[in-house]
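The values are calculated or read from the model by the stated rules, or taken from the named source; none is laboratory data. Because the structure is predicted, anything quoted here is derived from the model rather than measured. Heads up, the Cβs are rebuilt from the backbone with ideal geometry, glycines too, and the neighbour counts pull from every protein chain shown. Ligands, DNA and RNA are stripped out before the accessible areas are found, and what is left, the full protein with its side chains, is counted by its heavy atoms. Shrake-Rupley method; radii C 1.70, N 1.55, O 1.52, S 1.80 Å.
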Amino acid sequence: MPDFSAASLLDVPAFPAEGFGPLADRIGRLLGTANDVLLVQGEAVIALEAVASSLAAPGLTALNIVTSPYGAWFGGWLRRGGAQVIDLAAEPGLPVAVEQVDVALAAHRGVGLVSLVHAESATGILNPLPEIAALARRHGALLAVDAVASAGGHAFDVEALGVDVAVIGPQKALAGPAGVSAVSVSARAWERMTEMSAAPSALSLPYLRESWLRAGRGALPGMPSALELHALDAALGRVEQEGLSATIARHARAATATRSALRALGLPLWVPTAQASNLTTGFLLPETVDPAAFADAARPSPDITPAVGPVPARLWRLSHTGRQAGREGVLATISALSAALARSGHACDIAEATGAVARTYG
Ligand SMILES: *Cc1c(COP(=O)(O)O)cnc(C)c1O
């Protein structure tokens, strides 16, 4: 644990009201967009619920791609708002296939919204976003993307892709706080939200637009969390200092190092590199390993966890996200993994595995 004093978090000065606009502008630059950027005070799941609540309306047909529990929740929020939702589930734990999306869009007339998660921390997969974005555009549908586990770890360019609504949280690759999030909204998407009341609601993007953006981007509605906003400021500063492309490259390298170590340990990778997240790597526990013994042995390591959602029982994941995406972080995780495997019945050569990491870093 790094040097940390909880007491130093007390008596934090207020975040200056004139600082909110610049924070949003910096997030816009990170996302490659001049679209409106709204700050949402709350973890990213709340921003996602706000997006679904604001877009949903009777008469909207949405093609909601489901590759993890996040996608399933998003569909539920759209339905609650009166939208007709076609849930398009991928094979368990896998990315959606472009052909599946193509077929679904051809089969259902008048789809007005396509929604998906870009990279999944739940399983370590990456959905084929550029191809899906092109399909959505061809069908005239809005595109809403959960980029929480991709921003800072993968190229994610809102304007180039034509993403109408993008949700990010700073707590993954950007290595920032979990309690404040951001949403970018295109002009097209605002037009479709005109039905939504701008009455006070933490889940209404039109309300945030009225009460903050159109009011000159001063004080945020409600009580601004100084802790979270200062931390967001610092996290953005650190990414800007490193350079976004270097932050992405660092995550890609951590993924490469992790994958080569898994190969050295004889563990099957869940998906090929082209379908893999740079933040999280999925692998299958060998049949020779007792899952309960492995779970016990791996428990002390927060970066070794079972996959989440309706996935194969032996699918596990290694996180190399944020500050963990570097030589030391990957070495620590691979050492812990090797030790946990050895203790649960899988003979493995720890030196081979750590050597593979070292070779990736040169
Ligand atoms: C982490 C994550 C979120 C946000 O989850 P929180 O619990 O709000 O941090 C949303 N979507 C994806 C794909 C994520 O990986």
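Key figures
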{"quantity": "Pairs of Cα atoms farther than 21 Å apart, the stretch 213-362, %", "calculated": "50"}
{"quantity": "Inter-part distance where the stretch 18-49 and the stretch 91-146 are each reduced to a Cα centre, Å", "calculated": "23"}
{"quantity": "Efficiency of FRET between Ala198 and Asp3 - r from beta-carbon atoms, R0 35 angstrom, step 0.05", "calculated": "0.20"}
{"quantity": "As computed over the stretch 186-234, the Cα convex hull volume per residue (Å³)", "calculated": "97"}
{"quantity": "Rh (Kirkwood; distinct C-alpha pairs) - the stretch 286-362, Å", "calculated": "13.1"}
{"quantity": "Cut-off under 5 Å, modelled amide H: who pairs with Arg217 long-range", "calculated": "none"}
{"quantity": "Rg/Rh (Cα only; Kirkwood hydrodynamic radius) as it applies to the chain", "calculated": "0.99"}
{"quantity": "Accessible area of Tyr207 in the full protein assembly, 1.4 Å probe (Å², nearest 10)", "calculated": "50"}
{"quantity": "Degrees separating the helix 350-361 axis from the principal Cα axis of the chain, which is the longest one", "calculated": "50"}
{"quantity": "Dimensions in Å of the stretch 31-125 - Rg and Dmax from alpha carbons", "calculated": "13.7, 38"}
{"quantity": "Angle between the chain longest axis and helix 327-343 axis [Cα atoms, degrees, rounded to 10]", "calculated": "60"}
{"quantity": "If the convex hull is drawn through the Cα atoms of the stretch 1-72, its volume per residue in Å³", "calculated": "200"}
{"quantity": "Accessible surface, 1.4 Å probe, highest first, among residues Ser225, Ser150", "calculated": "Ser225, Ser150"}
{"quantity": "Three semi-axes of the equivalent ellipsoid, the stretch 46-188, Cα gyration tensor, whole Å, largest first", "calculated": "21, 17, 15"}
{"quantity": "Whether the stretch 212-291 is rounded, prolate or oblate, judged on the alpha carbon gyration tensor where a/c under 1.5 counts as rounded", "calculated": "prolate"}
{"quantity": "Whole-Å distance, taken between Cα centres, linking the stretch 287-352 and the stretch 251-269", "calculated": "12"}
{"quantity": "Length-normalised contact order for the stretch 140-217 - Cα pairs under 8 Å, 6+ apart - percent", "calculated": "21"}
{"quantity": "q = 0.11, 0.12, 0.18 Å⁻¹: log10 I(q)/I(0) that the Debye formula gives for the stretch 123-243, counting C-alpha atoms only", "calculated": "-0.45, -0.54, -1.13"}
{"quantity": "Accessible area of the stretch 114-226 divided out per residue, in Å², using a probe of 1.4 angstrom", "calculated": "34"}
{"quantity": "Accessible heavy-atom area order of Arg137, Arg250, Arg359, Arg188, highest first, probe of 1.4 Å", "calculated": "Arg359, Arg137, Arg188, Arg250"}
{"quantity": "Percent accessible area from carbon and sulfur atoms, the stretch 253-362, protein chains only, probe 1.4 Å", "calculated": "58"}
{"quantity": "Accessible surface of Glu328 - all protein chains present, 1.4 Å probe, nearest 10 Å²", "calculated": "130"}
{"quantity": "Helix axis angle, 226-242 relative to the chain longest principal axis, alpha carbon, degrees", "calculated": "60"}
{"quantity": "Globularity ratio of the stretch 142-209, using Cα Rg and 2.2 N^0.38 Å", "calculated": "1.19"}
{"quantity": "Contact order normalised by residue count of the chain, Cα under 8 Å, 6+ apart, percent", "calculated": "18"}
